[in-house]
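Participant: Sharing a structure here in structure tokens format.
The values are calculated or read from the model by the stated rules, or taken from the named source; none is laboratory data. Here the structure is a predicted model, which means the values were calculated and not measured. With ideal geometry, Cβ positions are generated from the backbone for all residues, glycine too; neighbour counts draw on all protein chains shown. The protein model used for the area step is the full one, side chains on, heavy atoms only, and it has no ligands, DNA or RNA in it. Shrake-Rupley method; radii C 1.70, N 1.55, O 1.52, S 1.80 Å.
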Amino acid sequence: MRLVLASNNAGKLAELQALFEPLGLSLVRQGDLGIAEADEPHVTFIENALAKARHAAQHARGAAIADDSGLCVDALGGAPGVRSARYAEDFGQPKGDAANNRVLLEQLADSLSRRERAGVRSTQGTTGVTQPLPCRAHSGLQAGIAARASGMPLESPAVPSTLAPEGRGSPRAARFVCALVAVRSADDPQPLVAVGRWAGVILPAARGDSGFGYDPLLFIPELQRSVAELNPAEKNARSHRGLAAREMLRQMSEVWGLG
């Protein structure tokens with residue numbers, strides 16, 4: 001069965017094709033069919049994925065699936081969120097993985113710095129004496145940004161103790177989120193919806209050469225590696241997209257009768 005993927009992202013196509021292979025599905029990028037990208041005006045992954053799936057199904061006149069995914073960082077109020085692929089553009093920089101990663105590190109550094117200053121001011125109000133708070137790897141983050149700006153090669157950063165052994169409660173806590181929506185037609189009244197989440201913490205600087213997007217920045221504490229240091233099989237077995245895809249496979253088998 002052919003399923004139109006409402007995305008032109010080669011990385012997503014490769015990951016999803018491998019994940020949907022058990023059902024004998026063949027994914028085709030919408031761009032290969034001359035279908036333009038849909039607007040993504042919504043503030044949630046599910047709403048955007050549904051809009052993209054219906055758009056692709058309407059123009060392809062058949063079944064379609066859409067992935068809307070991104071990175072949510074707690075200290076940034078959930079940003080970049082649905083703006084993950086275009087985050088750099090929101091700050092006047094060109095679209096692209098390198099720019100997105102650079103802007104994320106800059107925004108996180110600023111957020112942690114403001115939080116630290118606010119904490120120092122609160123101690124002044126009670127004792128009259130400034131009590132510096134722990135930096136929590138902020139200096140390492142600044143060093144990573146400075147290295148990128150100067151063009152210096154980045155060494156693989158050591159994982160700060162504040163990032164291990166787990167990310168929950170860390171000021172650098174973050175997670176990848178993936179929403180998958182599949183429709184049999186543009187007006188399908190029963191879209192299939194699956195969501196996967198993969199938690200970790202943001203590293204001070206990029207690590208690893210695999211994957212795409214923010215993979216080099218998300219460190220998975222239980223694996224002691226960044227997502228970009230995992231091979232494709234390891235990533236698919238654990239990732240937000242892998243979790244969502246396996247749930248989608250279950251629903252396609254149960255509701256659509258595939259497999």
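Participant: Looking at the stretch 9-23, I want the residues that are over 17 Å from Ala233 (Cβ atoms) and open to solvent by 60 Å² or more (accessible area, probe 1.4 Å) and have a partner that is not acidic (Asp, Glu) and not in a helix (DSSP H, G or I) with Cβ atoms under 9 Å, at least 6 apart or on another chain. Which pairs are those?
Facilitator: Every condition considered, the pairs that remain are Ala10/Arg29; Ala10/Phe212.
Participant: Pairs please, first residue from the stretch 231-245 and in contact (Cβ under 8 Å) with a residue 12 or more places away in the chain, second anywhere and basic (Lys, Arg) and surrounded by fewer than 19 Cβ atoms within 10 Å (Cβ to Cβ), Cβ atoms under 6 Å, 6+ apart in sequence or on different chains.
Facilitator: His240/Arg197
Participant: While we're on this one: Which number in (1) closer than 22 Å to Phe212 by Cα; (2) in contact with a helix residue (DSSP H, G or I) (Cβ under 6 Å, 6 or more places away or on another chain); (3) buried (at least 19 other Cβ atoms within 10 Å of the Cβ) marks the one condition that Lys52 misses?
Facilitator: Unmet condition: (2).
Participant: Then there is this: Quick one: is Ala6 among the small types (Gly, Ala, Ser) and more than 22 Å from Pro204 (Cβ to Cβ)? Lay out the reasoning, then the answer.
Facilitator: Working: among the small types (Gly, Ala, Ser): yes; more than 22 Å from Pro204 (Cβ to Cβ): yes.
Answer is yes for this residue.
Rundown of residues vs (1) open to solvent by 20 Å² or more (accessible area, probe 1.4 Å); (2) out of contact with any Cys (no Cβ under 8 Å at 6 or more places or on another chain); (3) within 28 Å of Gly77 (Cα to Cα), yes/no style:
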position	(1), (2), (3)
Arg184	yes, yes, no
Pro189	yes, yes, no
Ser226	no, yes, yes
His240	no, no, yes
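Yes/no matrix, rows are residues, columns are (1) of a type in the set (A, V, I, L, M); (2) part of a strand (DSSP E or B); (3) touching a strand residue (DSSP E or B) at 6+ places or on another chain (Cβ under 7 Å); (4) at pLDDT 95 or above:
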{"residue": "Arg175", "(1), (2), (3), (4)": "no, yes, yes, yes"}
{"residue": "Ala182", "(1), (2), (3), (4)": "yes, yes, yes, yes"}
{"residue": "Ala194", "(1), (2), (3), (4)": "yes, yes, yes, yes"}
{"residue": "Arg197", "(1), (2), (3), (4)": "no, yes, yes, yes"}
{"residue": "Val201", "(1), (2), (3), (4)": "yes, yes, yes, yes"}
{"residue": "Ala206", "(1), (2), (3), (4)": "yes, no, no, yes"}
{"residue": "Ser210", "(1), (2), (3), (4)": "no, no, no, no"}
